[in-house]
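Taking it in order: structure first as structure tokens, then the write-up.
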């Protein structure tokens, strides 16, 4: 095979003079035509900067290539050094020979132009197509990325399409000019698991069809297994190890690679669930949290006069309970109502119907027995308050004073979650993402809650940090007999922390039961689909299947009441809802955004 | 706090702006403490309409009063009006903007439409209208200027408050059961300090100008008290004979506005995290 791209001694830095901060310190790799290289690393490893250097987009972010060569074989057969090519040359190469897909499809497209206009723009610039020819080419491009009903979709604006659809549009644009190299920078990180599986499947198929070289940047070792031929592991701007996929996954040499592989939450289909808790049979223990018939509906209005057209049934008659010391994981995709359920328990949204009760053995006081840890530790801590004020807030909120006992508890909790003792006077921005999440956990524990709601609490963290925070959560649970409600879309994480799992689909629980039972023998079609979409190390270069099913709309006409649920018991602690094929629901509107 | 002053002094226009504003504040304080070279009302009959001399650095006016002393008193008076009116406007405007953003719906609509109406009039016209109704005087000009600048603070506060309101830490606070007043003060206000500081500084510059304008028209500070606008008004007819009567107060107004504007620009650069890199 001929070399498509050969990078040697690449060094990239930001800033100039005294402020020069090198972030990539000498990277070497080769990429053959049609080959896929995965660059893996945690945040700050320089993986994205390396990729952005190849098409020199790094120039626009204030970066500069300090040293090294990047020899790229162009379609014409000439070899040019991308590191020193002129800006005009690079413009031609970026449009024609190297395509790029970004992480956030929602922000990568122009919101005021239709997707048809944006794709045909690529054809106009690169191939000089106009009018009917451009339209035909655009249509073909959309069909190539398996967007159904492409002709109608041309007139859609980005906000009318779901994240997965937008990422397909981005891929269509990147492929518009038949690039010889495609760079995908975390293309599925912002997407749901099942959508992620579809995008991965699409990339794999397109790669086979077009023979494009692919550089795939990710932090997720699980995804690497599905697509890469070769893997390069980066840490702090340096390549720690590279080689063929199988060797890296099976016999990693470098301790960091081993560490990364170990930290990846392996999803093993329910074989490695927690066994440190036995669910007492009914009547034996009172559940800490009992939710009955929880329903959340948001009124929907349309038109100038805000005429009511019905309600969004975000959460519909959800029942579950959580025992002391037990973790119930609520899984589902975005729009399934899992976060809304969590927020309703905290009083952040008002349930339209239904009750929940918390068993609180402590003396009556104003302390809220349910506390929450949010997904994004960068947004959930007020940047202008120091740690002491942050930790004091739940205490003050329950009408108590910050006295010596409270201060002692602050110090004890900080130590318990693994933060340095001198943290108390520091501000949130002085901590890393993992430390901030520890801080959020400490804050939630300040008032001794009975239930902790963890809303995607580890999904914003790097894998190795994620593992440590999960360990901390498990330890704290065992120590304090906390009941956890763990909201997540990540099956591997769920397997690691959950005792029981509830699967939410379109606002309703479709399957609930012991984690081991639900994950190993899923009964509901949707649960199976969710589990099938999980990328794992074992499924190497497996061909993901393209699934075009979409989430049904949750908008119901005024006064609509859903039919009664019917449940099938399929195990000691395992129930599944009986229903007609959910994918043939008559209210099913293709691509409706939630 | 120390870092804040350091970066203010490192900022080129911040240094100049801060120096000017500090000088004015010292002058204002000295004048209010009665530490002027002469009694500003004392008339040196023989030395009427003199240019700058060793005894009278900025000359004397048509009644033989010392211009420097009157200028100092004038600065004190103008600052008193500017600071009280801007303070008043900031408090009322912030309160309105914050509650509008937080409670939304009808209250938001009501407050913001009222502010839109007020903003539709030119500042000086609105102040004139207010004084026409209430009557002239120092106190009324404070109220008038506060009235005119309240909508600006309301807007400046409401925008960021709306976005901070949706941040996770506000949700977190609500999940703890924190009271509305706690969330408004600790979470919203604390994050609004930066835009407010900038706005206050800039508003001080405008209100200095408005106060001079009102006094010039005879609607602000009343004689025999001194204010910058009043000194300008008195000097207009003698412009050719005694230009120093016009030049010194005019310079004082100009320099004051320049100082506040430079300081405001610098504060915006320093307090805006997006700009921080450029400055450092």
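The values are calculated or read from the model by the stated rules, or taken from the named source; none is laboratory data. From a predicted model like this one, the values you see are computed outputs, not experimental measurements. Cβ atoms come from the backbone with ideal geometry, glycine included; neighbour counts cover every protein chain shown.
Odds and ends about this structure:
- Selection count where residues are in a helix (DSSP H, G or I) and surrounded by fewer than 18 Cβ atoms within 10 Å (Cβ to Cβ), scope the range A:95-117: 5
- Condition check for residue A:410: crowded, with 21+ Cβ neighbours inside 10 Å and more than 10 Å from chain B (Cβ to nearest Cβ): yes
- Scanning the range A:474-485 for residues that are surrounded by 23 or more Cβ atoms within 10 Å (Cβ to Cβ) and either closer than 13 Å to residue A:441 by Cα or in contact with a helix residue (DSSP H, G or I) (Cβ under 6 Å, 6 or more places away or on another chain) (or both) yields A:482, A:484.
- Here residue A:466 meets each of (1) more than 13 Å from chain B (Cβ to nearest Cβ); (2) buried (at least 16 other Cβ atoms within 10 Å of the Cβ); (3) more than 23 Å from residue A:256 (Cα to Cα) with one exception, condition (3).
- The criterion of being at pLDDT below 85, within 14 Å of chain A (Cβ to nearest Cβ) and farther than 26 Å from residue B:268 by Cβ does not hold for residue B:220.
- Under the condition of being over 12 Å from residue B:68 (Cα atoms) and not in a helix (DSSP H, G or I), the residues counted in the range B:34-53 number 7.
- Only listed residue being within 23 Å of residue A:322 (Cα to Cα) and modelled with pLDDT of 70 or more, chosen from A:564, A:575: A:575
- Number of the condition not met by residue B:136 [criteria: (1) closer than 21 Å to residue B:200 by Cα; (2) part of a loop (DSSP other than H, G, I, E, B)]: (1)
- The set of residues in the range A:368-395 that are in a helix (DSSP H, G or I), within 7 Å of chain B (Cβ to nearest Cβ) and over 16 Å from residue B:164 (Cβ atoms) contains only A:394.
- Leading residue by the ranking (modelled with the highest pLDDT) among those in the range A:288-319 that are in a loop (DSSP other than H, G, I, E, B) and surrounded by fewer than 17 Cβ atoms within 10 Å (Cβ to Cβ): A:306
- Test: residue in the range A:255-268 that is closer than 20 Å to residue A:466 by Cβ, touching a strand residue (DSSP E or B) at 6+ places or on another chain (Cβ under 6 Å) and surrounded by 17 or more Cβ atoms within 10 Å (Cβ to Cβ): yes
- Set B:162, B:88, B:125, B:118: member being under 29 Å from residue A:339 (Cβ atoms), away from chain A (no Cβ under 14 Å) and either in contact (Cβ under 8 Å) with a residue 24 or more places away in the chain or part of a helix (DSSP H, G or I) (or both): B:162
- Of the candidates A:195, A:233, the single residue that is in contact with a helix residue (DSSP H, G or I) (Cβ under 6 Å, 6 or more places away or on another chain) and modelled with pLDDT of 85 or more is A:233.
- The number of residues in the range B:48-79 being free of Cβ contacts under 8 Å to residues at least 40 places away in the same chain, closer than 18 Å to residue B:240 by Cα and touching a strand residue (DSSP E or B) at 6+ places or on another chain (Cβ under 7 Å) comes to 3.
- Residue within the range B:167-183 that is within 22 Å of the chain's Cα centre (by Cα) and within 14 Å of another protein chain (Cβ to nearest Cβ) present: no
- Residues in the range B:1-11 that are within 22 Å of the chain's Cα centre (by Cα) and without any contact (Cβ under 8 Å) to a residue 40 or more places away in the chain: B:5, B:9.
- Only one of A:75, A:38 that is surrounded by fewer than 17 Cβ atoms within 10 Å (Cβ to Cβ) and over 25 Å from residue A:19 (Cα atoms): A:75
- Scanning the range A:174-208 for residues that are in contact (Cβ under 8 Å) with a residue 60 or more places away in the chain, more than 16 Å from the chain's Cα centre (by Cα) and assigned to a helix (DSSP H, G or I) yields a count of 8.
- Hey, residue A:443 touching a helix residue (DSSP H, G or I) at 6+ places or on another chain (Cβ under 8 Å), more than 14 Å from every other protein chain (Cβ to nearest Cβ) and within 14 Å of residue A:457 (Cβ to Cβ) or not: no
- Only one of A:357, A:398 that is within 7 Å of chain B (Cβ to nearest Cβ), within 30 Å of residue A:298 (Cα to Cα) and surrounded by fewer than 17 Cβ atoms within 10 Å (Cβ to Cβ): A:398
- Residue in the range A:7-24 that is assigned to a helix (DSSP H, G or I) and under 31 Å from the mean Cα position of the chain (by Cα) present: no
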